[in-house]
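Chemist: Encoded as structure tokens, here's the structure I'll be asking about.
The values are calculated or read from the model by the stated rules, or taken from the named source; none is laboratory data. Only a predicted model underlies this, so the values are computations on that prediction, with no experimental measurement involved. Backbone-built Cβ (ideal geometry, glycine too); neighbour counts: all protein chains shown. Note: accessible area is taken over every heavy atom of the protein model, side chains too, but ligands, DNA and RNA are not part of it. Shrake-Rupley method; radii C 1.70, N 1.55, O 1.52, S 1.80 Å.
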Amino acid sequence: MILNLFASRPDHPLGDAKELKRVLIELPLDNAFKAVDEVYGWFESLMSADDFRVDHLFDVVRQLDEAAQPHIRRLARDYVHSPRLSKSEERRLWTMCYNYNGEVSGLYATCIDRAKRNPKDKGSEALKPLLPLAATRLMAARATQLKWVEYRYGPIGEDLWRGLGQPYLAAEAAGYAQRPIQTYPAQPVLSTVEQHYLQALIFYSSSMDSLMPLEIELADRLIAHFRSGFVFTNTCLPESVYWVDAASGMPPARLARLPGQLSPALRFFSPGSAPKALNELISHVERGDVPPDINLGGDYPAKVLLPVLRHLAVNWAAEPPQREHARHAVKTRIAVLHGFDDSFTVFAGDVARMGKERAAESWVVENVSLGGFGASVDDRGGMLKIGTLLSMQPEGGENWVLGVVRRYNINSEANSSVGIQALSRHARSVELRPRTSGFSATGAIPGIWLHEDSKPGEARLVLPSASFDVRETLEFVHDGQRYLMVPIELEETGGDFEIGRYRETLSD
């Protein structure tokens, strides 16, 4: 429904329907960032435009938002699917997308609030049938903001949780929290205010801090697919797993920690039938079959989907994920080097020659277990990501440990918490050559040889990106002995490395 009849023209350029139409037509089609930036600029000006009738304001915001949606989706795809973005470009895209959703949700909230405060006003009466649409778009934008925070592993503040919970409660009180709405013209699937709120709750409860941005995007789409299987109630059921106080500004928590006091804003949810359906999908994907009814935003191979599916399966289990190894609190420092190249140098024994020790960062380890470390890091440059390969040397020690970043949380502008899995405490750098090329100096592939966590007769190799070939047997010499490595499978792909699993035999 488009509202065209207004009592008077506001003192704002977009108060003129012809000017609004011109602005929409002239949005650049070939420059998504510029298009979103222009709409964002108009949103900023509308925040201080007080002379719009509320239904007129909503209609202007609605049209601008609809025009920007294809462009904002393009920016999101560029952010998630372009692993080689520079830090400045990554920050530029992130800031625009996060701020856009914050600004548009604020404008929809303003329209709802003005209609609520002056219900007898002509503009409020005209807007009343469209309040469910305004609330649904508001919730969709704030749930998207939550996702953008998780893309950068940042802290989620009380304002965002309150900005999700309170509009949900208001929509429930007004009687339209469960009313199906076509949120945008290009999205045929109907959704509700309550569904967007539940989406955000499930998303947060699914531990996104151990996933990379593309995996976070896939997890969000999978949650939307399985969301209908979750049970969401205002009473605590025997099977309830999580609770949240929608009015408090606090995130959801497992029922291992009970609410401090009963409140009308308490809500409870559990995975319900979703885990069973998820496990069925895992079986399909393991056989190479991805059902066409799942909207993943593109086609993805099983090796990309399965880690995300298994991650959700663990987090949706009735019992919370248990640590494999007990953690012990410590306070010590470690020297840290980033990336495959430095790690290869370290485990080749050439650290002093290359001066790598002097280039190492110093991190504070706060806890340690058999499986790895938890550390406090100054990452102001934003260099760390999930999947970053690290070489670490404890203060005062001689040995180096090879590890990879598995969890990452930004605590403040100057401090982050990092969870590191130890891959090997006895890694060795080796020069690998394809078996078919003969044992010559040409065609050497650098590799890091791992023995831990391998089955008898098997070993793993850390290789540079795009080096693993399941058809190519490798060999190398160590301590005068020649080893033959027959590929089994690609086990993991990281930022600048991959890990292959091989059958290891001695060669004559």
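Chemist: Can you tell me which residues in the range 81-109 are crowded, with 19+ Cβ neighbours inside 10 Å and polar (S, T, N, Q)?
Modeler: Asn101, Ser105
Chemist: Does at least one position in the range 409-423 carry a residue that is at pLDDT 85 or above, under 24 Å from Leu85 (Cβ atoms), part of a loop (DSSP other than H, G, I, E, B) and small (Gly, Ala, Ser)?
Modeler: no
Chemist: What number of residues within the range 315-328 satisfy the criterion of being exposed (fewer than 13 other Cβ atoms within 10 Å of the Cβ) and either modelled with pLDDT of 90 or more or over 25 Å from Val231 (Cα atoms) (or both)?
Modeler: 5
Chemist: Among Val231, Val244, which is open to solvent by less than 30 Å² (accessible area, probe 1.4 Å) and of a type in the set (Val, Ile, Thr)? So that I can check it myself, show each step before the final result.
Modeler: On the way: Val231 fails: open to solvent by less than 30 Å² (accessible area, probe 1.4 Å).
Within the list Val231, Val244, the selection yields Val244.
Chemist: Just the residues that are touching a helix residue (DSSP H, G or I) at 6+ places or on another chain (Cβ under 8 Å) and in contact (Cβ under 8 Å) with a residue 12 or more places away in the chain, please, taken from the range 15-37.
Modeler: If we filter the range 15-37 for residues that are touching a helix residue (DSSP H, G or I) at 6+ places or on another chain (Cβ under 8 Å), which is where we start, we get 15, 19-20, 23-24, 27-29, 32-33, 35-37.
Listed by number, the residues that qualify are Gly15, Leu20, Val23, Leu24, Leu27, Ala32, Phe33, Ala35, Val36, Asp37.
Chemist: Can you go through Ile202, Ile181, Ile216 and tell me which one is more than 20 Å from Glu150 (Cβ to Cβ), hydrophobic (A, V, I, L, M, F, W, C) and in contact with a helix residue (DSSP H, G or I) (Cβ under 7 Å, 6 or more places away or on another chain)? Lay out the reasoning, then the answer.
Modeler: Working: Ile202 fails: more than 20 Å from Glu150 (Cβ to Cβ); Ile216 fails: more than 20 Å from Glu150 (Cβ to Cβ).
Going through Ile202, Ile181, Ile216 in turn, just one is more than 20 Å from Glu150 (Cβ to Cβ), hydrophobic (A, V, I, L, M, F, W, C) and in contact with a helix residue (DSSP H, G or I) (Cβ under 7 Å, 6 or more places away or on another chain): Ile181.
Chemist: Here is a further query. Mind checking whether some residue in the range 456-465 is in a loop (DSSP other than H, G, I, E, B), of a type outside the set (A, V, I, L, M), at pLDDT below 85 and within 28 Å of Val304 (Cα to Cα)?
Modeler: Start the filter on the range 456-465 by keeping residues that are in a loop (DSSP other than H, G, I, E, B), which leaves 456-457, 465.
Now drop any that are not of a type outside the set (A, V, I, L, M), which leaves 456-457, 465.
Next cut, at pLDDT below 85 only: 456.
Filter once more, so that each one left must be within 28 Å of Val304 (Cα to Cα): 456.
Among the residues of the range 456-465, at least one is in a loop (DSSP other than H, G, I, E, B), of a type outside the set (A, V, I, L, M), at pLDDT below 85 and within 28 Å of Val304 (Cα to Cα), which makes the answer yes.
Chemist: Also, quick follow-up: How do the pairs read when you match residues in the range 340-362 that are open to solvent by less than 60 Å² (accessible area, probe 1.4 Å) with residues anywhere that are at pLDDT below 85, using Cβ under 6 Å and keeping only pairs 6 or more apart or on different chains?
Modeler: Asp342/Lys356; Thr345/Met354; Thr345/Lys356; Val351/Glu357
Chemist: From Asp78, Asp30, which residue is outside any helix (DSSP H, G or I), among the charged types (D, E, K, R) and surrounded by fewer than 22 Cβ atoms within 10 Å (Cβ to Cβ)?
Modeler: Working: Asp78 fails: outside any helix (DSSP H, G or I).
Residue meeting the stated conditions: Asp30.
Chemist: Of all residues in the range 33-52, how many are open to solvent by less than 40 Å² (accessible area, probe 1.4 Å), closer than 14 Å to Glu66 by Cα and not small (Gly, Ala, Ser)?
Modeler: 4
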